[in-house]
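Colleague: Next up is a structure, given as structure tokens.
The values are calculated or read from the model by the stated rules, or taken from the named source; none is laboratory data. Computed from a prediction, not measured in an experiment: that's the story for all the values here. Glycine also receives a Cβ, built like all others from the backbone with ideal geometry; neighbour counts cover every protein chain displayed. The protein model used for the area step is the full one, side chains on, heavy atoms only, and it has no ligands, DNA or RNA in it. Shrake-Rupley method; radii C 1.70, N 1.55, O 1.52, S 1.80 Å.
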Amino acid sequence: MAQQQSLIKENVRISYRTPDMYRVIMHNDDVTTMEFVIFVLQTVFRKEPDVAVELMLEIHTKGAAIVGIYTLDIALSKIRTTERYAAEGGFPLRLTTEKD
């Protein structure tokens with residue numbers, strides 16, 4: 001005798017939430033060189049050379065600038081990487097995050 005398989009249709013509603021985004025802010029100081037800031041902006045934050053220079057000048061003249069907007073885990077990873085580079089170079093470069 002053949003077994004009958006019943007097909008059960010189930011409606012499953014999946015909802016996705018857009019993750020919160022965070023601004024990464026780089027702050028000016030009197031020790032970190034402009035060249036180092038440009039290096040970090042290009043290597044860690046993947047900015048084009050002309051954009052990196054513009055951001056560096058904004059940080060220097062205004063005291064701080066938003067250098068990127070990311071999910072929290074990516075923002076914190078970029079900050080940790082930058083702080084590691086800064087410590088290796090002897091720079092007190094400071095970065096913070098704030099919810100976008």
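Colleague: Determine which member of the set Ala87, Ala75 is on the phi < 0 side of the Ramachandran plot, of a type in the set (Gly, Ala, Ser) and open to solvent by less than 30 Å² (accessible area, probe 1.4 Å). Quick ask: steps written out before the conclusion?
Modeller: Values: Ala87 fails: open to solvent by less than 30 Å² (accessible area, probe 1.4 Å).
Of the residues listed, the single one that is on the phi < 0 side of the Ramachandran plot, of a type in the set (Gly, Ala, Ser) and open to solvent by less than 30 Å² (accessible area, probe 1.4 Å) is Ala75.
Colleague: Follow-up question, since we're still on this one. Pull out all pairs, ordered by first then second residue, where Cβ-Cβ is under 6 Å, the residues are six or more apart or on different chains, the first lies in the stretch 46-58 and is on the phi < 0 side of the Ramachandran plot, and the second is open to solvent by 70 Å² or more (accessible area, probe 1.4 Å).
Modeller: Met56/Met34
Colleague: Can you name every residue in the stretch 12-45 that is free of Cβ contacts under 8 Å to residues at least 40 places away in the same chain, in a loop (DSSP other than H, G, I, E, B) and farther than 19 Å from Thr97 by Cα?
Modeller: Listed by number, the residues that qualify are Val12, Arg13, Ile14, Ser15, Tyr16, Arg17, Asp30.
Colleague: Here are some residues: Tyr85, Tyr70. Which one is at pLDDT 95 or above, of a type outside the set (A, V, I, L, M, F, W, C) and in a helix (DSSP H, G or I)? Steps first, please.
Modeller: Working: Tyr70 fails: in a helix (DSSP H, G or I).
Answer to the selection: Tyr85.
Colleague: Among the residues of the stretch 58-67, which ones are of a type outside the set (D, E, K, R) and either outside any loop (DSSP other than H, G, I, E, B) or closer than 18 Å to Met21 by Cα (or both)?
Modeller: Within the stretch 58-67, Ile59, His60, Thr61, Ala64, Ala65, Ile66, Val67 qualify.
Colleague: Being among the aliphatic types (A, V, I, L, M), assigned to a helix (DSSP H, G or I) and in contact with a helix residue (DSSP H, G or I) (Cβ under 6 Å, 6 or more places away or on another chain) narrows it down to one residue among Leu76, Leu55, Leu95; which is it?
Modeller: Working: Leu76 fails: in contact with a helix residue (DSSP H, G or I) (Cβ under 6 Å, 6 or more places away or on another chain); Leu95 fails: assigned to a helix (DSSP H, G or I).
It is Leu55.
Colleague: Hey, another quick one. Check off (1) under 28 Å from Thr18 (Cβ atoms); (2) surrounded by 13 or more Cβ atoms within 10 Å (Cβ to Cβ) for Arg94 and give me the number that stays unchecked.
Modeller: (1) is the only condition that Arg94 fails.
Colleague: Further question: Of the numbered conditions (1) of a type outside the set (Lys, Arg); (2) out of contact with any Gly (no Cβ under 7 Å at 6 or more places or on another chain); (3) within 18 Å of Leu93 (Cβ to Cβ), Val24 fails exactly one; give the number of that condition.
Modeller: Going through (1) of a type outside the set (Lys, Arg); (2) out of contact with any Gly (no Cβ under 7 Å at 6 or more places or on another chain); (3) within 18 Å of Leu93 (Cβ to Cβ) one by one, Val24 breaks only (2).
Colleague: Same structure again: Please name all residue pairs, on different chains or six or more residues apart, with Cβ atoms under 6 Å, provided the first residue is in the stretch 68-83 and is within 13 Å of Glu98 (Cα to Cα) and the second residue is open to solvent by 40 Å² or more (accessible area, probe 1.4 Å) and aliphatic (A, V, I, L, M).
Modeller: Close Cβ pairs (under 6 Å, with a partner that is open to solvent by 40 Å² or more (accessible area, probe 1.4 Å) and aliphatic (A, V, I, L, M)) amount to Ile69/Met21.
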